[in-house]
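Reading through the structure tokens given below for one structure.
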């Protein structure tokens, strides 16, 4: 787990605010769920045989012996809230997004921590392939908005409860003939969760499954038509994609459309966003029979990809350099009035020399510095220094805010 410090957090704020802005274009509203949930929620939704449930969840008993788990992902809690609060009665189509910390006990690596952060979106109530394409269009637009272009969209279909069992058995039969070439983990899970073998990063497993049956060859006509429509809508929207028939998801609730945004900047952990359809999830958790689709984005990985593009902290628009106690007291009042009016203002609190205060104003990258001493207090006027070109002008203290806003407007217009 790690701290997010000043100088870093500005990038996080940019990514989060960009999500609020872009997702708002598409009609999504924010939802916030508790960090701990009943353990049963994740066992029922994610699947008992997944790595998350078997090995990675932070689970504990509270004082009433209830088993609670720190949420390892965001979809199941959102669906629990959707059902509990009967959101389907408010609108037949629910568009929700979330952001916040998740928890998994796994080996830390580049862009992955045991407390990590996701932002994600969910749509409940629409089976039409248009919503699959819209969700992917929104995801594409978000990456355009934040200035990350080094990603590519991969799509696949995992079929449905009608056609997937046939593919599952064909895959098990294929894997049984190659067990000796699989790693110990894949030998253990090939019958309980055979699709995950296709996602194993061990070179021997990748070689052994190179000619594995394709899920796309086992789709029923309904799933095939749905996937063709998704691809057609993406082409109509000019959103580039490739079909990756080996792509699977680590959670049991996914059906039909699945997708990832991948990059070559993060080594083997190359997915920065992923998701898909989960048409049976709401019903399996005790809700109505409603289709759903969604995705999650790993924020730590986005921050890594921003790299040198990190967002600079907001700098003071005015620094007040005060000389003497009376001037410092007046500076404090002036600063507070400007802050209340919406201006970023700062001053010295340590009684440093004028030279030291000017150095601090430079270090903070202040736009202007107001020099305030005994003479300025008596005259009601002071020198305002433009820190970019060192020019100075005399300002009236009683009219300081108006003068500053004008000068900041001029500064903004010339930049």
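Numbers for the structure displayed
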{"item": "Hits in the range 372-415 (condition: assigned to a loop (DSSP other than H, G, I, E, B) and at negative phi)", "result": "373, 387, 388, 389, 391, 415"}
{"item": "Single residue of the range 315-361 satisfying the filter (under 18 Å from residue 407 (Cα atoms) and surrounded by fewer than 17 Cβ atoms within 10 Å (Cβ to Cβ)) that is nearest to the chain's Cα centre (by Cα)", "result": "315"}
{"item": "Residue 182 vs. criteria modelled with pLDDT under 90 and surrounded by 19 or more Cβ atoms within 10 Å (Cβ to Cβ)", "result": "yes"}
{"item": "Number of the condition not met by residue 135 [criteria: (1) touching a residue at least 40 places away in the same chain (Cβ under 8 Å); (2) in contact with a helix residue (DSSP H, G or I) (Cβ under 7 Å, 6 or more places away or on another chain)]", "result": "(2)"}
{"item": "Of all residues in the range 63-79 being buried (at least 23 other Cβ atoms within 10 Å of the Cβ) and touching a helix residue (DSSP H, G or I) at 6+ places or on another chain (Cβ under 9 Å), the one that is farthest from residue 118 (Cα to Cα)", "result": "79"}
{"item": "Test result for residue 270, modelled with pLDDT under 95, touching a strand residue (DSSP E or B) at 6+ places or on another chain (Cβ under 6 Å) and surrounded by fewer than 19 Cβ atoms within 10 Å (Cβ to Cβ)", "result": "yes"}
{"item": "Single residue of the range 142-164 satisfying the filter (assigned to a helix (DSSP H, G or I) and under 19 Å from residue 247 (Cβ atoms)) that is modelled with the highest pLDDT", "result": "143"}
{"item": "Some residue of the range 284-294 being at pLDDT 95 or above, farther than 30 Å from residue 4 by Cα, crowded, with 20+ Cβ neighbours inside 10 Å and under 23 Å from the mean Cα position of the chain (by Cα)", "result": "yes"}
{"item": "Filtered residue count, the range 80-99, keeping only those that are surrounded by fewer than 17 Cβ atoms within 10 Å (Cβ to Cβ) and not in a helix (DSSP H, G or I)", "result": "6"}
{"item": "Counted residues, the range 207-241 - those being in a helix (DSSP H, G or I) and either surrounded by 14 or more Cβ atoms within 10 Å (Cβ to Cβ) or at pLDDT 90 or above (or both)", "result": "21"}
{"item": "Residues satisfying the stated conditions in the range 83-116, i.e. at pLDDT 95 or above and touching a helix residue (DSSP H, G or I) at 6+ places or on another chain (Cβ under 7 Å)", "result": "83, 94, 96, 97, 98, 99"}
{"item": "Top-ranked residue in the range 295-314 [being surrounded by fewer than 20 Cβ atoms within 10 Å (Cβ to Cβ) and in contact with a helix residue (DSSP H, G or I) (Cβ under 6 Å, 6 or more places away or on another chain); ranked as modelled with the lowest pLDDT]", "result": "310"}
{"item": "Test: residue in the range 359-371 that is closer than 20 Å to residue 313 by Cα, in contact with a strand residue (DSSP E or B) (Cβ under 6 Å, 6 or more places away or on another chain), in a helix (DSSP H, G or I) and modelled with pLDDT of 95 or more", "result": "yes"}
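The rows are residues; the columns are (1) outside the structural domain of residue 26 (by TED's automatic domain parsing); (2) within 16 Å of residue 260 (Cβ to Cβ); (3) crowded, with 21+ Cβ neighbours inside 10 Å.
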{"residue": "126", "(1), (2), (3)": "no, no, no"}
{"residue": "131", "(1), (2), (3)": "no, no, yes"}
{"residue": "136", "(1), (2), (3)": "no, yes, yes"}
{"residue": "139", "(1), (2), (3)": "no, yes, yes"}
{"residue": "142", "(1), (2), (3)": "no, yes, yes"}
{"residue": "147", "(1), (2), (3)": "no, no, no"}
{"residue": "150", "(1), (2), (3)": "no, yes, no"}
{"residue": "156", "(1), (2), (3)": "no, yes, yes"}
{"residue": "169", "(1), (2), (3)": "yes, no, no"}
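The values are calculated or read from the model by the stated rules, or taken from the named source; none is laboratory data. All values reported here derive from a predicted model rather than from experimental measurement. With ideal geometry, Cβ positions are generated from the backbone for all residues, glycine too; neighbour counts draw on all protein chains shown.
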